[in-house]
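Everything below concerns the one structure shown next.
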Amino acid sequence: MICEKNIGDVMKIIQQRVNVFLCGIIFLSFALSANLWAEENKTQKIGGQALCPVIILKNEELFPAFIRAIDEARDEILICVFSFRAGVHERSYPDRIVGHLSRAVKRGVKVTVILENSGRGNNGLGAQNLKTKNVLEEKGVVVYLDSPRKTTHTKLVLIDQRIIILGSHNFTQSAMKYNNEISLLLERPDLAREIREYMMMIIEEAK
């Protein structure tokens with residue numbers, strides 16, 4: 001009887017440990033499945049529309065991402081930037097951007113650039129942006145200088161009313177190659193309309 005009782009106790013202990021082990025396996029399987037689901041569904045959804053994650057672009061990372069976005073544009077590129085220093089050297093980052101914008105225009109993409117107008121064309125920034133304006137217009141880009149009554153310090157790009165790039169990078173060799181700068185690239189059609197209206201407002205103020 002004693003042996004039977006001991007055997008029964010041992011079997012109960014074994015069963016309890018098996019149950020704990022099985023529960024652990026089930027929990028682990030659930031956790032792994034949830035993790036895989038999360039990896040496959042990293043994109044957010046707003047209004048039922050899938051959106052890409054935010055991409056952080058540090059220092060030199062902006063340039064290749066921006067070039068790719070320009071090259072993939074289909075309808076419209078809007079740029080509103082404080083400082084755009086083109087016409088310096090054909091291999092400089094700003095001049096290479098001009099080249100890609102020119103090719104976008106030839107593809108039928110409407111390209112519009114808004115530049116800061118200091119109101120003093122003979123100073124450093126004013127002269128630089130005026131020179132860039134002339135370079136861009138020669139390539140078929142529509143360029144506006146903002147109202148001299150208000151400084152436009154944005155570094156903002158909107159592509160096809162869905163891709164947004166904004167941050168600290170000016171369109172200068174220093175900012176895109178040497179400085180500590182950071183910008184974000186995101187696909188947010190839900191924000192694009194408001195951003196586009198903001199950029200159009202700056203154009204209207206300049207008229």
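The values are calculated or read from the model by the stated rules, or taken from the named source; none is laboratory data. Source: prediction; values computed, not measured. So basically every Cβ, Gly included, is an ideal-geometry build from the backbone, and we count neighbours across all protein chains shown.
Here D160 meets each of (1) under 17 Å from I70 (Cα atoms); (2) buried (at least 21 other Cβ atoms within 10 Å of the Cβ) with one exception, condition (2).
For the range 107-143, the set of residues classified as over 25 Å from A65 (Cβ atoms), out of contact with any Pro (no Cβ under 9 Å at 6 or more places or on another chain) and in contact (Cβ under 8 Å) with a residue 40 or more places away in the chain consists of L125, K131, N134, listed by residue number.
Check whether at least one residue in the range 172-189 is assigned to a helix (DSSP H, G or I), touching a strand residue (DSSP E or B) at 6+ places or on another chain (Cβ under 8 Å) and farther than 21 Å from N117 by Cβ, and report yes or no. Yes, that holds for at least one residue. You will find that of E181, E138, the residue that is in the same structural domain as A65 (by TED's automatic domain parsing) and within 18 Å of I56 (Cα to Cα) is E181 and no other. Entry remark, the range 90-106: residues being part of a helix (DSSP H, G or I), touching a residue at least 60 places away in the same chain (Cβ under 8 Å) and over 22 Å from R196 (Cα atoms) number 2 in total. Residues of the range 75-89 that are within 15 Å of N170 (Cβ to Cβ) and in a strand (DSSP E or B): I79, C80, V81, F84. Scan the range 154-177 for residues that are touching a residue at least 40 places away in the same chain (Cβ under 8 Å) and of a type outside the set (A, V, I, L, M, F, W, C) and jot them down. Once the filter is applied, which keeps residues that are touching a residue at least 40 places away in the same chain (Cβ under 8 Å) and of a type outside the set (A, V, I, L, M, F, W, C), the range 154-177 yields T154, K155, D160, Q161, G167, H169, N170, T172, Q173, K177.
Quickly run through the range 122-145 and pick out the residues that are modelled with pLDDT of 95 or more, loosely packed, with under 15 Cβ neighbours inside 10 Å and either in contact with a Phe, Trp or Tyr (Cβ under 6 Å, 6 or more places away or on another chain) or not in a loop (DSSP other than H, G, I, E, B) (or both). N134, E137, E138, V142 - these are the residues of the range 122-145 that are modelled with pLDDT of 95 or more, loosely packed, with under 15 Cβ neighbours inside 10 Å and either in contact with a Phe, Trp or Tyr (Cβ under 6 Å, 6 or more places away or on another chain) or not in a loop (DSSP other than H, G, I, E, B) (or both). Determine whether V98 is touching a Lys or Arg at 6+ places or on another chain (Cβ under 8 Å) and either surrounded by 10 or more Cβ atoms within 10 Å (Cβ to Cβ) or at pLDDT below 95 (or both). The answer is yes for V98.
Hey, could you check the range 63-95 for residues that are among the β-branched types (V, I, T) and closer than 27 Å to R149 by Cα and say which is surrounded by the most Cβ atoms within 10 Å (Cβ to Cβ)? Only one residue tops the list, namely I79.
Is there a residue in the range 146-159 that is assigned to a helix (DSSP H, G or I) and either of a type in the set (S, T, Y) or within 15 Å of E76 (Cβ to Cβ) (or both)? Give the steps one after another, and end with the answer.
First pass over the range 146-159, keeping only residues assigned to a helix (DSSP H, G or I): none.
No, the conditions are met nowhere in the range 146-159.
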